[in-house]
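**Student:** This is the structure I have questions about; it appears just below.
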Amino acid sequence: MATWRGVSTPALSLILTLILVLGGCQLAGPSPDEDASGPAETTETSRPAAATEAPDPGTGPTDEESDASKNEDLWAAMRRGFALDHEPNHPRVRSEIAALCRYPNYLPSMSERLKLYMPHVFKAVSARGLPTEIALLPIVESAMNPDAEAVRGPTGMWQIIPATGDRLGLPRNAWFDGRRDPVMSTRAALDYLESGHARLKDWRLAIVAYNTGEGVVLRALSARGRDADFWSLSLPYHGRQFVPRLLALAALVAEPGRCGFKLPELGTREPFVTLNTGGVISIPDTARALNMSEEHLYALNPGLNRALTPPEGPHQLHLPGTLAAAARVWIAGLDTRPTTPSGEQRVTIRPGDSLSAIARRHGTDVSTLRALNGLRSDFLRAGASLLVPGNRSVSASARRTESRDARQQTSAARSAGRSESHVVRAGDTLWSLARAYRVSLQSLVVTNKLTPQTVLRIGQRLRIPSR
């Protein structure tokens, strides 16, 4: 547990309370004019004072001082930056518009994620002078879900595969996955898109290359001739649908109210700032100190796999702007840095131990042990140590590991010719599931004896057709 330098607990509580109250008046988060599009620069030092080296979000305007131009309607701002021909009358775009129109609440169903992440994505796209249609790509890719993991390994709201993430410099280990971090993944995705556009000289080609891989597009161009356009290329199914789907979504954003398609209320001001932590800090302890829920803190920092920030970095945390000053006091007052997540303990592996035996002894499961320790196999060495969870719920990283295991079983079932199924969760639509499983909407509808207009029920089991 963290200790504080020369400050009693009651006094500390009073200080934090005053800062939180004052911070609510002074810190409204960054204005659209400020540059918060990248992760805070960190230093490899353990001194807590490093937390004060990050840009001060308190220099932004207060809520009372802000006007519409500083937190304007994001959709209106996005329309001004549209630069692509949406071609709403092209048969493939028209078909995607019709599919989206069957789900008028598609965007409202993900409104909480849009509020958390879209302002940063939009600002990052605009800062580079790119067509703002690109800000809609994470919606098409993952419904703006940083925890999304597709069948073949793409992860995060930008659906970046491991090899691409490694090439783009995104950290990925048992502690942290940069593909899920909203700032890091956005920077990497836009780097990839800009690089593709520089080579392919066409945004449609660059966008489909983002989805299929540049090699697929180059081979398709070679087969049709270098002067071929996107519409004439022979591409995999998901690639053929990707650009029309983006153009369809952009067309509906450009013409709000068309076919009853709804846009949730969304402002341009980013809901978080990035703070340099100067070293390892505990997420549960930080949430308690700032009087915010762990769930909210993890939602702002979806790249974290553990209850601690990574020992090797990045030493940063995304926080609501109104809590940044209080967070600096919390971090600067830390005498010691935690080494084991709160509620977890380290045990020594005995001769003959297996993960299943250790899991039984400590009332947990193998998936949780794999996630906590970043294990890629079940091999254990006697005398080595292993982290085991305390009396708390299964971590998000454990759920991700279980999800990976389930996907591997699904892949094996598909290879063996067996059908797979999906249990409907909140926010699922026939359209989003068809994309996630790389099948056509029509085949999904026919297989389950539904219509494209069917509203899914949470808990409903759907059969996924073979491809």
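The values are calculated or read from the model by the stated rules, or taken from the named source; none is laboratory data. Keep in mind that what you see is a predicted model, and the values were worked out from it rather than measured. When we count neighbours, we look across all protein chains shown, and the Cβ atoms used for this are built from the backbone with ideal geometry, even at glycine.
**Student:** Go through the residues of region 187-207 one by one and say whether even a single one is of a type in the set (Val, Ile, Thr) and over 16 Å from the mean Cα position of the chain (by Cα).
**Tutor:** Yes: region 187-207 contains one or more residues that are of a type in the set (Val, Ile, Thr) and over 16 Å from the mean Cα position of the chain (by Cα).
**Student:** Among the numbered criteria (1) over 30 Å from Pro284 (Cα atoms); (2) surrounded by 18 or more Cβ atoms within 10 Å (Cβ to Cβ); (3) at pLDDT below 65; (4) among the hydroxyl-bearing types (Ser, Thr, Tyr), which single criterion is violated by Thr410?
**Tutor:** (2)
**Student:** Is it the case, given these coordinates, that Lys123 is touching an Asp or Glu at 6+ places or on another chain (Cβ under 8 Å), assigned to a helix (DSSP H, G or I) and touching a residue at least 60 places away in the same chain (Cβ under 8 Å)? Even if it seems obvious, please write down each step before you answer.
**Tutor:** Details: touching an Asp or Glu at 6+ places or on another chain (Cβ under 8 Å): yes; assigned to a helix (DSSP H, G or I): yes; touching a residue at least 60 places away in the same chain (Cβ under 8 Å): yes.
The answer is yes for Lys123.
**Student:** Is it the case that Val243 is out of contact with any helix residue (DSSP H, G or I) (no Cβ under 6 Å at 6 or more places or on another chain) and either in contact (Cβ under 8 Å) with a residue 24 or more places away in the chain or within 30 Å of Trp431 (Cα to Cα) (or both)?
**Tutor:** Numbers: out of contact with any helix residue (DSSP H, G or I) (no Cβ under 6 Å at 6 or more places or on another chain): no; either in contact (Cβ under 8 Å) with a residue 24 or more places away in the chain or within 30 Å of Trp431 (Cα to Cα) (or both): yes.
Against the criterion (out of contact with any helix residue (DSSP H, G or I) (no Cβ under 6 Å at 6 or more places or on another chain) and either in contact (Cβ under 8 Å) with a residue 24 or more places away in the chain or within 30 Å of Trp431 (Cα to Cα) (or both)), Val243 does not qualify.
**Student:** If you don't mind, there's one more thing I want to ask. Is there a residue being out of contact with any Pro (no Cβ under 9 Å at 6 or more places or on another chain) and assigned to a helix (DSSP H, G or I) anywhere in region 306-316?
**Tutor:** So the first thing to find is which residues in region 306-316 are out of contact with any Pro (no Cβ under 9 Å at 6 or more places or on another chain), and the list is 309, 311, 315.
Still in the running and assigned to a helix (DSSP H, G or I): none.
Checking region 306-316: not a single residue is out of contact with any Pro (no Cβ under 9 Å at 6 or more places or on another chain) and assigned to a helix (DSSP H, G or I).
**Student:** Across region 441-460, which residue is modelled with the lowest pLDDT among those that are closer than 22 Å to Arg92 by Cβ and surrounded by 14 or more Cβ atoms within 10 Å (Cβ to Cβ)?
**Tutor:** Restricting to residues being closer than 22 Å to Arg92 by Cβ and surrounded by 14 or more Cβ atoms within 10 Å (Cβ to Cβ), the top hit is Pro452.
**Student:** Report the residue count in region 90-120 for those that are surrounded by fewer than 21 Cβ atoms within 10 Å (Cβ to Cβ), modelled with pLDDT under 95 and not in a helix (DSSP H, G or I).
**Tutor:** 4
**Student:** Restricting to region 333-362, count the residues that are in a loop (DSSP other than H, G, I, E, B) and modelled with pLDDT under 80.
**Tutor:** Residues meeting the conditions: 11.
**Student:** Where in region 137-235 are there helices (runs of 4 or more DSSP H), lying fully within it, with 2 or more residues that are free of Cβ contacts under 8 Å to residues at least 40 places away in the same chain, among the hydroxyl-bearing types (Ser, Thr, Tyr) and assigned by TED's automatic domain parsing to the domain that holds Val93?
**Tutor:** Qualifying helices (runs of 4 or more DSSP H): 182-200.
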